[in-house]
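To keep things clear, I will list the structure first and then write my remarks on it.
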Amino acid sequence: MNEAVLNDLAEPKNTSQAGPETEASLNIEYTNTVGQPLCDEAKIQTRDVNVFYAENQAIHNVNLDIGAHEVIALIGPSGCGKSTYLRTLNRMNDTIDICRVQGQILLDGEDIYTKKQDPVLLRARVGMVFQKPNPFPKSIYDNVAYGPRIHGLTRNKSELDDLVEESLTKAGLFQEVKDRLDAPGTGLSGGQQQRLCIARTIAVQPEVILMDEPASALDPIATAKIEELINELKQNFTIVIVTHSMQQAARVSQRTAYFHMGRLIEVGETDQIFTNPTHELTEKYITGRFG
Amino acid sequence: MNNTDLVRKSLKKRYLKERIFKTVGLLSIVSAILFLLILLTDIFTKAMPAFSQTNISLEVTLDPDVIGVGENPSEQDLMAADFRRVIRNSLADQFPGVTKRKEKRELYSLTSMGAEFQLRDMVIADPALLGQTIQVEFMADDDVDAVIKGAIDRNLPESDRRVKDQKLGWIETLEESGQISEQFNWWFFTSGDSREPEMAGIKGAIKGSLFTLLVTLALSFPVAVAAAIYLEEFAPKNRFIDFIEININNLAAVPSIVFGLLGLAVFINFFSLPRSAPLVGGIVLSLMTLPTIIIASRSAIKAVPPSLREAALGLGASKMQTVFHHVLPAALPGILTGTIIGMAQALGETAPLLMIGMVAFIVDIPQGITDPSTVLPIQVYLWADSPERGFLAKTSAAIMVLLFFLIAMNAIAIYLRKKFEKKW
């Protein structure tokens, strides 16, 4: 089955050479993705993913690989399905009753949507940072220690202390909060809160981190700090980031995937996508003609 | 005319409307406060006499022969002894010349029926008093109390007056000799109900209310919170759950007396639980408070931001952990407020308790949840229904006690809400 998919995906180059589709034709017919949606060392493989909210289809036949230790940016206009796609990767869509996911999503070659797969275990391996900073109404320490505590990752208090310090340091927050670890996490500034949420996520030591527009609620300085942090984190983690800001995608990611109306239009090296997009829709979006 | 002129023209009318609305709002608040003040002042002034008790100071000789006990009497002997005669002798000594049987009865009714028990308790506490002559402040009868406090007008013609001329004369003699005094009425807070107004206390009703509320809280709080959590967080969205939700809302609107009938039929007749007991009262009231607490808890849980749930789930917390570590603590202020409002409702509830026999006349102070007892609002009802003048003040005083508990509970609700909200 995988082979058939790969054959199918080998075609897009031809399609694009045949001439760019108009936007109108996109609404009616299935279009193959142009560029290189697949890669050799894939951490996550998604095949023929369709997502429905009740009767409405939000994602159409997405085939995309996420390589190990890469930062991949998902861009596209509002409502294009990039957040929905992101949430299928750690089954956060399970919490929405009317949401249905079809297709295969493999993490290290294992399907995460089988009955056998436990979403709790999956979310420990695939962490998530949300659009709006959402620290728990607890102390800074307890925010970071919560994940390790529920998963039983440390054996005693001093190990937990070390893990909290390490996570906060990695998130670039430790110097700012080391004297007030028992102050409430909700009392920090927006940018600090978001870094706290990142520290909380990396304390569980996941393999993949999903970021849903992590800087959209922050000012430029806080945003710059988050971006810097993403650049450091990519050494240890695979990162999938959804963003509205094309500059941000250009700054932090190696690959970029462009979504449009629930379809994956184009995937490629970030440089190539932003300097020389293949698909007409990608080009229009990049140059700011819609979105 | 340009736009500026048009807007200017309409301004006057708009401001007038605003002023009218503000005035109406202010008026309604002022009238509400006024009515509340009238009500409270009325209750307060009527209740005041109940908080003081008139005493008659008499010199009594505790002659063992008159009392009818021998040397070194046991407690049982003293319990059976006749202390009434000592008091009667003392009164007869003070007002010689009263010989007619009817007049004697009038004279002896100057002190309360409780006076002999007062004396008995004193002697049991200190048997050495036997044989001595001592000065004792005896509780006065409610008629004497009424005369002293002015509730019975001394200037009325004798035919219109409850206390006749002869008795009034005795009272005035006692007053002149300084034997009549008033003091704070501790008795009211330390004894149970009585047929005699001066001996009636509120302690039985307070304890009954307390036991009833304890049972109500212990039953309704865990059940209601568990139901609210299940319905909000775990229940599938289907018709059966919708049906349950609608019925919970309906249950909140069922007249409370229906719950009383249910309690009578099911708990007393079918399960043979004791009649008039706080246990059954508590069960019935918890049926009544359940929907209130469930509805309040559900809206509190619903108000917890979804981002908090996502944060926990995103870290790999299970659904149960998400609910108990994050959702419940965040919803707790709302849940507690709802619970205390429900409990305050239960405290003031009368009708269902009438059905299960808590309206009985009970003198003994309940010692547990299975002892027969009454509750504060029913005590108010019982006293309001009594013809004796002294019960008028007692009724208002009982209302004050009830209001005090309600205000205290609301204060606790506000305190708890503030305390748990601080964590945010």
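The values are calculated or read from the model by the stated rules, or taken from the named source; none is laboratory data. Keep in mind it's a predicted model, so treat the numbers as computed, not measured. Reconstructed Cβ throughout: ideal geometry from the backbone, glycine too, with neighbour counts over all protein chains shown. Protein only, heavy atoms only, side chains kept; ligands, DNA and RNA dropped before computing areas. Shrake-Rupley method; radii C 1.70, N 1.55, O 1.52, S 1.80 Å.
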Inset, instruction - Summarise the accessible area of the protein assembly as shown (1.4 Å probe, protein heavy atoms) by the percent that is carbon and sulfur. - result: 57
Inset, instruction - Would you mind telling me the antiparallel percentage of the DSSP bridges in region A:108-249, rounded to 5? - result: 10
Legend entry - lysines whose Cα lies under 29 Å from that of A:Lys138, excluding same-chain neighbours fewer than 8 positions away: A:Lys157, A:Lys170, A:Lys178, A:Lys225, A:Lys234, B:Lys302, B:Lys319, B:Lys418, B:Lys419, B:Lys422, B:Lys423
Inset, instruction - Search the structure for amide H atoms under 5 Å from the amide H of B:Asp63, placed 1.01 Å from N in the peptide plane, and list their residues when 5 or more places away or on another chain. - result: B:Gly131
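Starting from the Cα-Cα distance between B:Leu403 and B:Val24, subtract it from 0.36 nm times their residue separation and give me the gain in nm to one decimal.
Roughly 133.5 nm would be gained on extension.
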Legend entry - Spatial separation of Cα centroids for region B:1-26 and region B:195-245, in angstrom: 51
Inset, instruction - Report ³J(HN,Hα) in whole Hz for each residue of region B:289-298, in order, from the Karplus equation J = 6.51 cos²θ - 1.76 cosθ + 1.60 where θ = phi - 60°; Gly and Pro get x. - result: 7, 3, x, 4, 5, 4, 5, 5, 5, 5
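Over 19 Å between Cα atoms: which of A:Lys43/A:Lys115; A:Lys43/A:Lys284; B:Lys46/B:Lys149; B:Lys46/B:Lys207 fall into that group?
Exceeds cut-off: A:Lys43/A:Lys115; A:Lys43/A:Lys284; B:Lys46/B:Lys207.
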Legend entry - Within 10 Å of each Cβ in A:125-136, the average number of Cβ atoms from other chains: 4
Inset, instruction - Keeping all protein chains in place, calculate the accessible area per residue for the protein assembly as shown (probe 1.4 angstrom), answer in Å². - result: 50
Inset, instruction - Would you please give the residues with an amide H less than 5 Å from that of A:Gln57, counting only those at least 5 places away or on a separate chain, with H modeled from the backbone geometry? - result: none
Legend entry - For region A:172-188, Karplus couplings with θ = phi - 60° (6.51, -1.76, 1.60), whole Hz, Gly/Pro x: x, 10, 4, 4, 6, 10, 4, 8, 9, 5, 9, 6, x, x, 6, x, 7
Legend entry - Hz values of 3J(HN,Hα) by residue in region B:209-224 - Karplus curve (6.51, -1.76, 1.60), Gly and Pro given as x: 4, 4, 4, 4, 5, 4, 4, 4, 5, 4, 7, 7, 4, x, 5, 5
Legend entry - Shielding of B:303-313 by partner chains, average beta-carbon count, 10 Å: 5
Legend entry - Cut-off under 5 Å, modelled amide H: who pairs with B:Ser52 long-range: B:Asn185
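Among the DSSP beta bridges whose two residues both lie in region A:2-286, what percent are antiparallel, rounded to the nearest 5?
Numbers: 25 of 44 bridges.
Around 55 percent antiparallel, to the nearest 5.
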Inset, instruction - Sort out for me the Cα centre separation of region B:28-96 from region A:164-224, rounded to whole Å. - result: 72
Inset, instruction - Provide the packing ranking of A:80-89, A:63-72, i.e. peptides ordered by the mean count of other C-beta atoms within 10 Å per residue, highest first. - result: A:80-89, A:63-72
